[in-house]
Amino acid sequence: MYKINVSEVLNFVKDKSYSDIVKQCEENGLCVKYSNDERLKDLFLLANKNDNDNDHENVVKKTLVNYQANGIIFEKDTNKVVAMCQNKLITHNNTSDILQNVEVKRVEYCEDGTMIRLYNYNGIWYTSTTRCIDARKSYWTSTKNFDELFWDVFDKELLSTLDKDYTYVFVLLHKENRIVVRHKINMLVYISRINNETYVEEYTQQFNNVYGIRRPKKIDTNELSNQDEIDITERLYHPFKRGILIKTLNTVTNQSVNYKIDYINYINIKMIRGNVPEIRMRYLELLNDPERLQIFEQHYNEYKFMFRIIKGEVLKLIKSIYRLYVDSHIKHITKVDDTHIYYKTLRQLHAQYKIKNVPISFDEVQKKIYTMDKKIIKKLLIWQELNQKTFNKSTLTENTLTENTLTENTLTENTLTENTLTENTLTENT
């Protein structure tokens with residue numbers, strides 16, 4: 001067991017009011033999260049503001065407080081730690097450098113999942129993510145929130161065996177929560193438990209022989225000895241993991257520092273997947289990048305029927321806009337007013353023609369659609385918002401599956417066959 005270093009984040013909140021903390025977070029690259037739930041309204045969470053930013057030029061230079069404020073939850077009035085967190089994993093691409101300069105205590109495979117923490121507040125157990133006090137408010141690709149996905153696996157009867165003074169850390173692997181790796185079995189990987197008062201992290205197994213909960217897969221440290229960088233990453237490659245974790249120890253402070261080395265293939269696929277929860281929306285984003293779109297389709301082939309339908313609907317959209325442009329701006333047999341859903345697009349196309357003096361062809365319309373913001377394309381396709389609260393895929397029938405209700409949870413190879421839903425069942429006006 002080792003003590004987690006949270007000294008900087010504790011100093012950051014020390015003797016400050018909640019309002020003062022909020023004001024100072026911006027300049028420190030931190031975000032403050034709170035909950036509207038009556039039972040959790042007296043809590044706040046601190047996280048690194050730039051975790052999901054892709055614009056590297058705007059990323060605030062990370063300090064110790066950024067690494068330590070990795071989802072830690074405090075009580076507003078007392079600034080007491082309610083739910084501890086691990087320090088942010090340090091992303092590294094030089095395994096040899098790590099091995100030569102620190103004392104390695106443990107090496108294990110890094111899972112491709114979502115970090116979920118189980119903590120107790122006022123006698124009730126709650127789940128949180130790195131950026132949400134209440135995991136019930138956090139979603140990814142599933143119509144279920146992370147709290148629901150967690151309890152899909154965790155047996156609530158186990159709660160009576162847990163110590164309320166600890167935060168329990170898990171990685172959720174769920175069939176409905178795919179990032180890059182496609183999980184076929186719902187599972188919780190138990191990482192550790194952390195004392196909320198002493199900040200000591202314990203790695204001993206707390207869930208022996210419990211179905212659905214396992215420990216991380218360990219790698220023998222001897223496997224890393226005397227190997228060059230390429231040999232290490234290639235030889236320890238695992239198709240169902242995101243990379244490798246190297247847990248090290250500062251022998252002077254008795255505090256651990258954890259390094260993460262992602263596989264190159266994982267990094268590439270994750271970049272293509274993007275930070276867009278809905279698969280269908282990411283597909284629209286990639287329309288103008290055919291090479292990456294092809295890789296996207298191949299890697300997420302469980303959605304192949306959805307992709308086929310989206311292709312058909314986008315093609316119909318392009319054809320419809322092109323025909324209407326010809327009828328309204330070339331043949332002048334149709335008048336389109338500002339109430340028409342394609343009105344702005346038609347005006348933009350005609351303005352483009354006037355500026356460039358290039359006739360508006362089918363290809364020009366296609367370029368226009370492909371380069372549009374995904375939300376505008378979604379509007380033109382008349383897609384509805386997904387409703388996580390009321391959506392129930394068991395109530396859907398073949399007749400209700402139109403492009404307006406297109407979701408990744410209903411259109412996969414597990415829920416549809418080629419005969420039950422084809423492009424021919426969808427029309428432009430449905």
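Just so it is clear, none of the values below were taken in a lab; they were calculated from the coordinates. Here the structure is a predicted model, which is why all the values come from computation and not from measurement. So basically every Cβ, Gly included, is an ideal-geometry build from the backbone, and we count neighbours across all protein chains shown.
Quick one: which residues, 5 or more positions from Y2 or on another chain, have an amide H under 5 Å from its amide H? H modelled 1.01 Å from N in the peptide plane, none for Pro or chain starts.
When sequence neighbours closer than 5 places are left aside, the close amide H contacts are E201.
Say R0 is 22 Å: what FRET efficiency, to the nearest 0.05, do D373 and H329 get from their beta-carbon distance?
On the way: r = 23 Å, r/R0 = 1.05.
In this case the efficiency is close to 0.40.
Of the listed pairs K105/K156; K105/K217; K33/K378; K319/K368, which have alpha-carbon separations greater than 24 Å here?
Values: K105/K156 33 Å; K105/K217 14 Å; K33/K378 30 Å; K319/K368 12 Å.
Going by Cα-Cα distance, K105/K156; K33/K378 fall outside the 24 Å limit.
For Cα pairs less than 8 Å apart in space and 6+ apart in sequence, what is the mean separation divided by the residue count of the range 68-188, i.e. the relative contact order in percent? Provide the component values of the computation, followed by the final result.
On the way: 171 pairs, mean separation 28.7, N = 121.
Reported relative contact order: 24 percent.
Is any residue of the range 318-351 close enough, with backbone N under 16 Å, to a label point placed 7 angstrom from the Cα of F362 along the Cα-Cβ axis, and if so, which?
318-327
Quick one: length gained pulling K319 to D165 fully straight, 0.36 nm per residue minus the C-alpha distance? Working shown, then result.
Values: separation 154, 0.36 × 154 = 55.44 nm, distance 6.21 nm.
Between K319 and D165, full extension yields 49.2 nm more.
Quote to one decimal, in nm, the extra length available between N36 and N208 on full extension: 0.36 nm per residue of separation minus the C-alpha distance between them.
Working: separation 172, 0.36 × 172 = 61.92 nm, distance 3.61 nm.
Contour length minus the Cα-Cα distance gives 58.3 nm.
So between T91 and H238, what do we pick up on full extension, going 0.36 nm a residue minus the alpha carbon distance?
Numbers: separation 147, 0.36 × 147 = 52.92 nm, distance 1.82 nm.
Extending this stretch completely gives an extra 51.1 nm.
From the backbone phi of the range 291-308, what are the Karplus-calculated ³J(HN,Hα) couplings (6.51 cos²θ - 1.76 cosθ + 1.60, θ = phi - 60°) in whole Hz, Gly and Pro given as x?
Couplings: 5, 6, 4, 5, 5, 4, 5, 5, 6, 10, 6, 5, 9, 4, 6, 4, 4, 4 Hz.
Using a Förster radius of 45 Å, what is the FRET efficiency between K218 and I295 based on their Cβ-Cβ separation? Nearest 0.05, please. Write down the numbers at each step before the final one.
Values: r = 32 Å, r/R0 = 0.71.
Plugging the Cβ-Cβ distance into 1/(1 + (r/R0)^6) gives 0.90.
By the gyration tensor of its Cα atoms, with a ≥ b ≥ c the square roots of the eigenvalues, what is the shape of the range 188-281: rounded for a/c under 1.5, prolate for a/b over b/c, or oblate?
Working: a/c = 1.71, a/b = 1.21, b/c = 1.41.
It comes out oblate by the Cα gyration axes.
Arranged from highest to lowest average of other beta-carbon atoms within 10 Å per residue, in what order do the peptides 255-266, 205-216 appear? Walk me through the numbers on the way to the answer.
On the way: 255-266: 18.7, 205-216: 14.1.
Top of the packing list down: 255-266, 205-216.
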